[in-house]
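Heads up, the thing below is written out as structure tokens.
The values are calculated or read from the model by the stated rules, or taken from the named source; none is laboratory data. Note that the structure is a prediction, hence the values are computed from the model and not measured. Neighbour counts run over all protein chains shown; Cβ positions are idealised from the backbone, glycine included. Note: accessible area is taken over every heavy atom of the protein model, side chains too, but ligands, DNA and RNA are not part of it. Shrake-Rupley method; radii C 1.70, N 1.55, O 1.52, S 1.80 Å.
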Amino acid sequence: MASSRRKTLFFTFIYKGLYSFIAFISSAVVARYLSRADRGEFQLAGTYQQTGMTIFGGFMNYYAFAVRKRPNDTKEIIQAGNFLVYTAAILLWLITVALYYMPIHPIHLSRVWFFALIAMGFTFINGYGTRLLNALDEQAWLNRMNLAQPLLFLIIFVPLWLDKGLSEPDRLMWTYNLWILSFLIAVGVTMVVTYRLLRREGVLKWRLSPRELKGTLNFGGWSSVAQGTSYLALRMGYWFLQSDKDIMSIYGIAMVAAEVLNTLSGSITQLVFARMTGSSRDDAITLTQTSTRQTLLSSCIVAAGMYVTFPWLLVLAFGSKYYGAILPFCLLLPGYVLQAAEGIVMQYFTNSVGKPIQAVWRNLLYIAVNAVFIAILSKFLNPLNTVAVATTLSSLVAFLTYVWWFSKDTGQPGWTLWKIQREDFRPYREVLQSVLAKVKPSK
């Protein structure tokens, strides 16, 4: 069983690496196709879309949590989830179209918000499906579905990229349209796969359930606040630079590059979800300790490789006009290592002991500390480096706070979360031995 888990982790890591590669290539292709200002606008729309999905995804966490805790009620839970997620998406689309084409003074949606909200509705549904796949412990399918949208976008965008005859405004509009199309196709595939894997009659029905609605608002509500404040904390520096589209675009490239690390380390977070949610408190504590150390170890290994390769890769992929992203990227990377580890501890509080409010307090602390660091550092550094350094320092403060909270809640020493031990290297040795055994020529 342990060998199977390690194998699943290895292939999940491979999928995450492929996801990061595709997302990175897509960002580079878009950056070379659009002007720096238009590319900044497109990425801004993506952050708005991701914000809404992250907040709504907190409510969806309840359904994944409930399926793990009450497997006998799966059909009723899914029907209630269907009602909420599809109703929310349809209402969002209707309101968005109405406000864009028939604005109500003084509300008039900009192009950025229009496409962000349309994409957001699709990600509501997609996030619901992927959380259910995670609850079902269908890691292989979850890996594929997470890869679907960025891969589709890259495939359908390449023909547009090859067409050099379009004007700049048309290029941006086509980029938005193909982005929405990729979400539409990916969501359809994800939900077909999810409903098939549930293997229960009636899971396509919609049903309003007072019990599940209460759980959605209570557990899901706090989880939503936790995830929303977490994403706000993560994007605070980026939005701080909004007044200057050029600087924001450069920082956005540094952020995209650094987030490759979080995508890779997220494989561990994804894999431990089902075990964290369905296990006893003692098992969850042990799993949190082991997984946090594994995340720190794997993130540090990946970060070391990124420090060597990404500075020149950024210029090669995005062009010399984004040369200024190299230093902010290097300054951001240690903070992303710490954020990856925090994600595991956050799962302990939210999915094991059902205390998402702990994550809310952490995020509010991060936002406050980050604001203080930005205010202080802005007197000595340029805006790009100010935001990057403030992000990393705030991540350090937040990680130390999580270590303290975990120690207080469990009675376990805080060092069990960060002090790498000999057995933590075991999965890497086993994978290496397995690879060497396969490539070793037979006598």
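Nearest 20 debye, what's the magnitude of the dipole of the range 147-230 about its Cα centre given +1 on Lys and Arg Cβ and -1 on Asp and Glu Cβ?
In debye, rounded to 20, the range 147-230 gives about 580.
Accessible surface of MET102, taken over heavy atoms with a 1.4 Å probe and every protein chain present, rounds to 130 Å². For the chain, modelled as a GNM whose springs connect Cα atoms under 10 angstrom apart, the maximal fluctuation among PHE380, PHE21, PHE310 occurs at PHE380. Helices in the chain, meaning DSSP H runs of at least 4 residues, each add -39500 (n - 2.57). Divided by all residues, the mean residue ellipticity at 222 nm is -28500 deg cm²/dmol.
3J(HN,Hα) along the range 32-42, derived from phi through the Karplus expression 6.51 cos²θ - 1.76 cosθ + 1.60 where θ = phi - 60°, amounts to 6, 7, 9, 5, 4, 5, 5, 5, x, 5, 5 Hz, with x in place of Gly and Pro.
Distance between the modelled labels on ALA140 and PHE425, one decimal in nanometres: 3.3 nm (7 Å Cα→Cβ projection). For the residues THR51, THR391, THR290, a 1.4 Å probe over the protein chains yields an accessible-area ranking, largest first, of THR290, THR51, THR391. The order of TRP174, TRP113 by accessible area, most exposed first and with a 1.4 Å probe, is TRP174, TRP113. Pairs of Cα atoms nearer than 8 Å and 6+ residues apart set the relative contact order; for the chain it is 21 percent.
Which of the three applies to the chain, rounded, prolate or oblate, going by the alpha-carbon gyration tensor with a ≥ b ≥ c and a/c under 1.5 meaning rounded? Don't jump to the answer; show the numbers that get you there.
Numbers: a/c = 1.33, a/b = 1.09, b/c = 1.22.
It comes out rounded by the Cα gyration axes.
SER35 contributes an accessible area of around 30 Å² to the protein surface, as traced by a 1.4 Å probe with all chains present.
For the chain, modelled as a GNM whose springs connect Cα atoms under 10 angstrom apart, the maximal fluctuation among ASP137, ASP38, ASP244 occurs at ASP244.
Which one, ILE118, ILE180, ILE156, has the greatest fluctuation when you compute a Gaussian network model over the chain with C-alpha springs under 10 angstrom? Of the options given, ILE156 has the highest mean-square fluctuation. Projecting the Cα atoms of CYS330, THR194, PRO210 onto the dipole axis of the chain, where Lys and Arg carry +1 and Asp and Glu carry -1 at the beta carbon, places THR194 farthest toward the positive end. The solvent-accessible area of ASP246, taken with every protein chain present and a 1.4 Å probe, is close to 60 Å².
A protection proxy built from the mean count of other Cβ atoms within 10 Å ranks the segments 413-422, 222-231, most packed first, as 222-231, 413-422. Which one of ALA64, TYR33, THR47 is farthest out on the positive end of the charge dipole of the range 16-84, using unit charges on Cβ (Lys, Arg +1; Asp, Glu -1) and the Cα centre as origin? Result: ALA64. Remark: accessible surface ordering of GLU76, GLU201 (largest first) is GLU201, GLU76, probe radius 1.4 Å.
Ranking request for peptides 313-319, 332-338: highest mean number of other beta-carbon atoms within 10 Å first, then the rest in descending order.
332-338, 313-319
Here is the link list: LYS164/LYS245; LYS75/LYS214; LYS379/LYS408; LYS245/LYS379; LYS69/LYS214. Which ones come out longer than 26 Å on Cα distance?
Working: LYS164/LYS245 24 Å; LYS75/LYS214 17 Å; LYS379/LYS408 37 Å; LYS245/LYS379 21 Å; LYS69/LYS214 16 Å.
Pairs exceeding 26 Å: LYS379/LYS408.
Here the calculated FRET efficiency for VAL97 and LEU316, from their Cβ-Cβ distance with R0 = 60 Å, stands at 0.90, rounded to the nearest 0.05.
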